[in-house]
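Written out below as structure tokens is the structure these notes cover.
The values are calculated or read from the model by the stated rules, or taken from the named source; none is laboratory data. Computed from a predicted model, the values in this text were never measured in an experiment. As a convention, Cβ positions derive from the backbone with ideal geometry for all residues, glycine included, and neighbour counts pool all protein chains shown.
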Amino acid sequence: MQFLPHLDNHTATAYRHPMKKWFSMLLVLLLFCLAGAGCAVRQPARVADIRMLPQDAGVYLAHIKGPIFDPARQAAYFQQFKDRFFRPWHRTDPKHSAEIVFSGLKKYRLKSLYGENNLPLSPDFLDSMARQSQPDIYPLRHQPAITVTHAAIRVFPTHKPVFFGPLHPGRGFPFDMMQNSLVPAGTPVLVTHESKDRLWALVETDWVAGWVRYQEIAAVDAAVMADYSAHPLAGFRADQVPVIPEHSPPVFSGRVGMALPMKEPASDTGFVTVLAPARNHLGNTELVEARVRDHGIQRLPFPATPDNFAEILNALMGQTYGWGGLYENRDCSALIQDVFAGFGLPLPRNSKDQADFGETISLEGLSGPEKQSLIRTQGVPLQTLLYMPGHIMLYQGVDPASDQPVICHAMWGITTRPPFSTRSGRLVVGRTVITTLEPGKEQFPRVQPQDLLVEKLTRMVLLN
């Protein structure tokens, strides 16, 4: 009989149960790997649609002949666009009541709020924002103004982010609940209020209201308004188009969805002359003449041809998703608004309002295949928006290879159901892409059928 050497109790236990020892080591290793994964670089989602479908809008529009919109209808839309663009300068009262403008002060008290360090915000945060916002004396100002840079419109007068839940998909970064929208440089606004420290102005366009830093705007007088309104508007065909004043450095770049007055059309030198607003040392507007390469700008509205739509969409394809215009990027409704602005359509800013813009066809109560069939038969490429609560998409037509409806949209991600977890996750796409209505379908069971876009669609919107 073989005897074990003399061992103390701890050593003997480990010796008698080697599997327990190895299990402990594996558990520690697993926890280490999971902790490391939390700090690892997140890789972009490998969605089959994005790999397989050409990310070129022109591929799906090549068969379309003639204008996308009836010219008379487009002209009527563009008149509405101009009226809405300049309307803030001609209001005698604020468009929005105090109850609407300061609704966040009440609504956010019902939420758990987190800061940029993923820790809960101080209980005093909302009280400090209320003191800064001065809701009891709204409206304090009535001053026509203009944005002199691409201005971030904030819910409260702060540049600090606020998140609803850092560990929950769609509630942490980049979903900063303070980010309302982005307003391009050169946009007429009305200042209706200011913060207690006088560093922030509450402004409104015809489609959004919120707080901007004073240095992002400049006051306008009657002479500036008359000069700015006297010229035809021009729009940009791409982002990051240099706008170069004649005797000073560039003040901002042009971007799709933005409009500036065109003082002189393209010359032999290949430049268009526009009026660019700049803020002087007194906070007032000076209009400076600036040059823009003629291939990057065109008089509004652009001819509504398939080629023009393809060029604009392709200029934005693959761009990073930007909640509320964060970092000057686009979310789903900003993409739709900016693309159609170039063609003179005055679409609202958020997806719910956009879904009410045209003639609607309900998709509720239909199965996924029934929805796809209805979209194929009644949807018109580039004239049809597809809506689900919280997301909106542009119908591109049918993929020639698969006969599936395809869409262009700025997409954050696809809902996932990780095994052994009660929480949903996200397969992050995070950019503007062309997909079918079932991106991520191949990821089953990680992506469940009920989480596919087609199952969530509730409405089809016909713009023409």
Residue count, the stretch 76-101, condition small (Gly, Ala, Ser) and either free of Cβ contacts under 8 Å to residues at least 40 places away in the same chain or not assigned by TED's automatic domain parsing to the domain that holds Ala209 (or both), comes to 2
Considering only helices (runs of 4 or more DSSP H) wholly within the stretch 281-368, the ones with at least 3 residues that are touching a Lys or Arg at 6+ places or on another chain (Cβ under 8 Å) are 306-316, 332-341
Within the stretch 189-207, the count of residues that are over 20 Å from the mean Cα position of the chain (by Cα) and either surrounded by fewer than 20 Cβ atoms within 10 Å (Cβ to Cβ) or not in a strand (DSSP E or B) (or both) comes to 5
Any residue at all in the stretch 115-126 that is within 30 Å of Lys441 (Cβ to Cβ) and outside any helix (DSSP H, G or I)?
no
Next on the checklist: Going residue by residue through the stretch 141-152, is there one that turns out to be out of contact with any Leu (no Cβ under 7 Å at 6 or more places or on another chain), part of a strand (DSSP E or B) and surrounded by fewer than 22 Cβ atoms within 10 Å (Cβ to Cβ)?
Outcome noted: yes
Counting only residues in the stretch 402-422 that are in contact (Cβ under 8 Å) with a residue 24 or more places away in the chain and of a type in the set (Gly, Ala, Ser), the one surrounded by the most Cβ atoms within 10 Å (Cβ to Cβ) is identified as Ala410
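For every residue, the table says whether it meets (1) over 30 Å from Asp227 (Cβ atoms); (2) of a type outside the set (A, V, I, L, M, F, W, C); (3) surrounded by fewer than 21 Cβ atoms within 10 Å (Cβ to Cβ).
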position: Arg91; (1), (2), (3): no, yes, yes
position: Pro94; (1), (2), (3): no, yes, no
position: Ser112; (1), (2), (3): yes, yes, yes
position: Leu119; (1), (2), (3): yes, no, yes
position: Pro123; (1), (2), (3): yes, yes, yes
position: Pro135; (1), (2), (3): yes, yes, yes
position: Lys160; (1), (2), (3): yes, yes, yes
position: Pro174; (1), (2), (3): yes, yes, yes
position: Thr187; (1), (2), (3): no, yes, no
Reported set for the stretch 309-335 where residues are over 22 Å from Arg154 (Cβ atoms) and buried (at least 19 other Cβ atoms within 10 Å of the Cβ) is Phe309, Ala310, Ile312, Leu313, Ala315, Leu316
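Residues checked against (1) at pLDDT below 95; (2) surrounded by 17 or more Cβ atoms within 10 Å (Cβ to Cβ); (3) among the small types (Gly, Ala, Ser); (4) within 24 Å of Ala310 (Cα to Cα):
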site	(1), (2), (3), (4)
Ala209	no, yes, yes, no
Asp221	no, no, no, no
Ala230	no, no, yes, no
Leu233	no, yes, no, yes
Ala238	no, yes, yes, yes
Val243	no, yes, no, yes
Pro249	yes, no, no, no
Ser253	no, yes, yes, yes
Thr285	no, yes, no, no
Going through (1) within 26 Å of the chain's Cα centre (by Cα); (2) closer than 21 Å to Arg51 by Cβ; (3) assigned to a loop (DSSP other than H, G, I, E, B) one by one, Val380 fails only at (2)
